[in-house]
Structures are given as C-alpha cells and as structure tokens.
Amino acid sequence: MSRIDSTLSALKAQGRKALIPFVTAGFPFANCTPALMHAMAGAGADIIELGVPFSDPSADGPVIQKAGDKALAMGIGLVQVLAMVHEFRQTNTTTPVVLMGYANPVERYDQKHGTDSFIRDACAAGVDGVLIVDYPPEECEEFAAKLRAHSMDLIFLLAPTSTDERMQQVARVASGYVYYVSLKGVTGSGALDIDAVEAMLPRIRQHVSVPVGVGFGIRDAATAKAISRVADAVVIGSRLIQLIENESADRVNTVAADFLSGIRQALDA
C-alpha cells in the first residue's frame, strides 16, 4: 500500500475529506519550498502536490504559468524539485507528496541520467505519486507498473468532457486517486458549477474505484466545503499561489498556513 493509499484510507475511516494544496516548486523563492511544505502539512494538508516548473504548461492558467516562469528563471528544474522533496522527508515521513507536471522534464531527466532514472530518484527522494498532465492512460501501463513497484502512484486527470471510454482507460492504470478537473479550461479559470460536479462524480465512480479529488476553481472555504460533500479530496492551487506570490520570505509560510487552516476547519465542520 502506498503512502497515498494509507492516508486516504485513514481519512475515509474517520469520515474526513483530504485537503490537497498545490504549490509550484521554487516559488515564490528558490529555497522556500521545503519549509512551505512543512507549514502546509502543519496547517492540515493531507497530501501535497508540488508543481514541476515547465516552460510550456498547457493546462495551467496565468497564475501558475507565472509562478513556473519565476521558478525557471531561478534555475528550478526536476533535479532541484527532487532535492526539495528529499529535504522535506528528513523530518516528515508521513505526508504524501505528488509531483505534478509534464512529460518533457521527466523524459529529459531520463535522457540525461539513464533509463528509468526518474522513477529511481523520485522514489529515493520520497515522492509518493506522479501526475503527468500530457501522458495519455493508454500509453502508460508500463510506466504505471514501474511506479507501483516503487510504491508510487500514477494519478490522472478527468474532465467534464471525459467519455466513459476514457474513464475506463484511466481506471485500468490509475492508482492513489484521480483528479477531476471541475472546469472546462485551465487552472484558476471560470466559476465553479457545484451542481455539475455533483452530477459528474457518480458517473466517474461507476468506472473508477480509487478516490476522486476535485480541483480547478476552488478558491475559498465555502466552495471547498461544498465540493467535499461529494468528493473524497479537495485540491487548491491557483488561489494559494496568488496569496503568497507577493509576500516576503518570512511571511510566505504564515499566509499559506492561515489560508489552509481555514479550509481544513471548513472541511472538518
């Protein structure tokens, strides 16, 4: 059982929902991420999604694109991201960490460091799951099996436009959880239609047995609580990045923790 599985199973047994914040690695300061991860875990984050900066992030809206560009300008790549996870793991061995990003950095890493070196080094660093936005499930069975052999999960996105066939393809290879993108569009865009999410999740669960997290468009405690009534997990990214992007280095952790504490209280209410 992966660390993600055990975390989500424990929450289900307690009748609680998972809080999954997303931050871009190396943002807003190159060296801030491990301490920020600890602050988020302390504020009630159950799983942390860590964005791997990439120059062409097709699924990301302007907020996360800007964060990625800043991190790239400071020299943050996959090598540095794995080092951040490793540092976090020195004193936190329980909170699962998911790397979210794109195929190019992963495949380039393997080209530079050897076949399957990403899987080897991610496992050694303490990564628990990988979400690669532009990896189609029908081409990922071998990759998913190799990750599972290292106790890591391969997580996929589903969208309002996903067909039953696509859900079945995802169900064959996904583990940990699936991430339902609640909006048609990029991260941080549009207004969340909670009724549409409520209608979609039973359809997803007809095909997918792993827990379902919902993200893209959740910006406050009230929305998070509403989504948690039907989802197993709530994912928050763009709003969190907006809150910390202009803070000083000594304020980033406090601002993030205060925001997530409010979300956590709403989910547990």
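Bear in mind these aren't lab numbers, they're just calculated from the coordinates by the rules spelled out. Please read all numbers here as calculations on a predicted model, not as lab measurements. Positions of Cβ are backbone-derived with ideal geometry, glycine not excepted, and every protein chain shown enters the neighbour counts.
Between 244, 194, 211, the Cα set farthest toward the positive side of the dipole of the stretch 185-269 (charges on each charged residue's Cβ, about the Cα centre) is that of 211. Using the Kirkwood radius over C-alpha pairs as Rh, can you work out the diffusion coefficient of the stretch 205-269 via Stokes-Einstein at 10 °C, viscosity 1.306 mPa s, in µm² per second? The Stokes-Einstein estimate is 124 µm²/s. Around the Cα centre of the stretch 1-108, unit charges on the Cβ atoms of Lys, Arg, Asp and Glu (plus for the first two, minus for the last two) sum to a dipole of about 280 debye. With bins 10 Å wide beginning at 0, the percent of Cα pairs of the stretch 189-228 falling in each bin runs 27, 54, 19.
Considering only DSSP beta bridges with both partners in the chain, what is the antiparallel share in %, to the nearest 5? Restricted to the chain, the bridges split so that about 0 percent are antiparallel. Based on Cα contacts under 8 Å between residues 6+ apart, the stretch 3-268 shows a relative contact order of 23 percent. The Stokes-Einstein estimate for the stretch 149-269, based on a Kirkwood radius over Cα pairs and taken at 20 °C with 1.002 mPa s viscosity, is a diffusion coefficient of 139 µm²/s. Taking every alpha-carbon pair within the chain, the share separated by more than 34 Å comes to 9 percent. Of the residues 151, 114, 38, the one whose Cα sits farthest towards the positive end of the charge dipole of the stretch 28-185 is 38 (charges of +1 on Lys and Arg Cβ, -1 on Asp and Glu Cβ, taken about the Cα centre).
Averaging the Cα positions of each part gives two centres, and for the stretch 79-151 and the stretch 253-267 these lie 27 Å apart. Just need log10 I(q)/I(0) for the stretch 33-134 at q = 0.12, 0.18, 0.23 Å⁻¹, Debye formula, equal scatterers on the alpha-carbon atoms, no solvent, rounded to two decimals. Debye output, listed in q order: -0.38, -0.87, -1.35. Assuming charge only on the beta carbon of Lys and Arg (+1) and of Asp and Glu (-1), the dipole of the chain about its Cα centre is about 500 debye to the nearest 20.
Each pair of Cα atoms in the stretch 87-205 enters the Kirkwood radius, and Stokes-Einstein at 10 °C and 1.306 mPa s then converts it into a translational diffusion coefficient of 101 µm²/s.
The calculated 222 nm mean residue ellipticity attributable to helices in the chain amounts to -14500 deg cm²/dmol, summing -39500 (n - 2.57) over DSSP H runs of n ≥ 4 and dividing by all residues. Please identify which residues in the stretch 239-255 have an amide N closer than 16 Å to a label point set 7 Å out from the Cα of residue 69, following the Cα→Cβ vector. Flagged as within label range: 242, 245-246.
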